[in-house]
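Enquirer: Encoded as structure tokens, here's the structure I'll be asking about.
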Amino acid sequence: MNQWKIRRVQERCSSCEKPFEDGQRVTSSVELDDEDVPVRNDYCASCVPQDTDSVLYWETRWVAVTERKKKLDFHRLLRLFEVWLEKPPEGIEPLLYLIALLLIRKRFFRMLDLVSEGGDEYLRLRRPGPEQVPFLVPAPLLTKEQLPQLRVQLEELLDGALEEDEVEEAATS
Ligand SMILES: [Zn+2]
């Protein structure tokens, strides 16, 4: 994952490169690039691709960058998790695991236990509610040193900020 492409909140269309104007509708998407690395792109209305490998879309109105960062949208995070769980891009396990931990903290999932399969560890989770079927999420070892990088990747991809200690607390509780 060291070839991860970091992109700041963009001020122009990823395709035609026209600068966005205040209030303009922007479609953002998380897509896999030619090397299957997830990237976020922001498109003006004329450039929204009709047929891509995008795993997740959302629409916003563009506003001039302010001091305050937008909060990360956890429902957007949940959608990304579900898509990646189904069809994980290569090397995504640490990020997927961290997303799972964040979603557990927000009570989107309950953690049942940790299971070992073929030498790998997995979290067994289920949604709240007695009828829900448990499922497995890869649980690779996350080091403290990995966390800041994973956090940046997540914030860049979903264009939203996590709280100060949210990542550290999710990964250590
Ligand atoms: Zn455009």
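Where a number appears in this text, it was derived from the coordinates with a stated rule and is not lab data. What you are looking at is a predicted structure, and each value in this text was computed from that prediction instead of being measured. We place every Cβ from the backbone using ideal geometry, glycine too, and count neighbours over all the protein chains shown.
Enquirer: Within segment 13-89, considering only strands (runs of 3 or more DSSP E) that don't extend past its boundaries, which have at least 1 residues that are of a type in the set (F, W, Y) and within 26 Å of L125 (Cα to Cα)? Break it down stepwise before answering.
Expert: Working: elements: 25-32, 38-43, 56-61.
Passing ranges, in order: 56-61.
Enquirer: Give me the residue from segment 31-42 that is surrounded by 15 or more Cβ atoms within 10 Å (Cβ to Cβ) and over 18 Å from G160 (Cβ atoms) and, out of that set, nearest to the ligand (Cβ to nearest atom). So that I can check it myself, show each step before the final result.
Expert: Narrowing segment 31-42 to residues surrounded by 15 or more Cβ atoms within 10 Å (Cβ to Cβ): 31-32, 37-42.
So of that shortlist, the ones also over 18 Å from G160 (Cβ atoms) come out as 32, 37.
Values: L32: 20, V37: 22 Å.
Per the criteria, the residue is L32.
Enquirer: Tell me the residue from L98, L80, L147 that is closer than 20 Å to A171 by Cβ and in contact with a strand residue (DSSP E or B) (Cβ under 9 Å, 6 or more places away or on another chain), please.
Expert: Details: L98 fails: in contact with a strand residue (DSSP E or B) (Cβ under 9 Å, 6 or more places away or on another chain); L147 fails: in contact with a strand residue (DSSP E or B) (Cβ under 9 Å, 6 or more places away or on another chain).
Exactly one of L98, L80, L147 is closer than 20 Å to A171 by Cβ and in contact with a strand residue (DSSP E or B) (Cβ under 9 Å, 6 or more places away or on another chain), namely L80.
Enquirer: Hey, can you tell me all the residues within segment 93-107 that are crowded, with 18+ Cβ neighbours inside 10 Å and in contact with a helix residue (DSSP H, G or I) (Cβ under 8 Å, 6 or more places away or on another chain)?
Expert: Residues satisfying the conditions are P94, L95, L96, L98, I99, A100, L101, L102, L103.
Enquirer: Give the residues of segment 123-140 that are touching a residue at least 12 places away in the same chain (Cβ under 8 Å) and either surrounded by fewer than 18 Cβ atoms within 10 Å (Cβ to Cβ) or part of a helix (DSSP H, G or I) (or both), sorted by residue number. Spell out how you get there, then give the answer.
Expert: Residues of segment 123-140 touching a residue at least 12 places away in the same chain (Cβ under 8 Å): 123-128, 134-140.
Scanning segment 123-140 gives R124, R126, R127, P128, P134, F135, L136, P138, P140.
Enquirer: Which condition number does E90 fail, the rest of (1) among the charged types (D, E, K, R); (2) under 19 Å from G160 (Cβ atoms); (3) surrounded by fewer than 13 Cβ atoms within 10 Å (Cβ to Cβ) being met?
Expert: With respect to (1) among the charged types (D, E, K, R); (2) under 19 Å from G160 (Cβ atoms); (3) surrounded by fewer than 13 Cβ atoms within 10 Å (Cβ to Cβ), E90 is out only on (2).
Enquirer: Where the second residue is surrounded by fewer than 17 Cβ atoms within 10 Å (Cβ to Cβ) and not aliphatic (A, V, I, L, M) and the first is under 13 Å from L136 (Cα atoms) and touching a residue at least 40 places away in the same chain (Cβ under 8 Å) and lies in segment 78-94, which pairs have Cβ atoms under 7 Å and are six or more apart or on separate chains?
Expert: Qualifying pairs under 7 Å: E93/P140.
Enquirer: OK, next. So which of S28, S54, S14 ends up being surrounded by 16 or more Cβ atoms within 10 Å (Cβ to Cβ), touching a residue at least 40 places away in the same chain (Cβ under 8 Å) and of a type in the set (G, A, S)? Let's see the steps before the verdict.
Expert: On the way: S54 fails: touching a residue at least 40 places away in the same chain (Cβ under 8 Å); S14 fails: touching a residue at least 40 places away in the same chain (Cβ under 8 Å).
Only one candidate passes the filter, namely S28.
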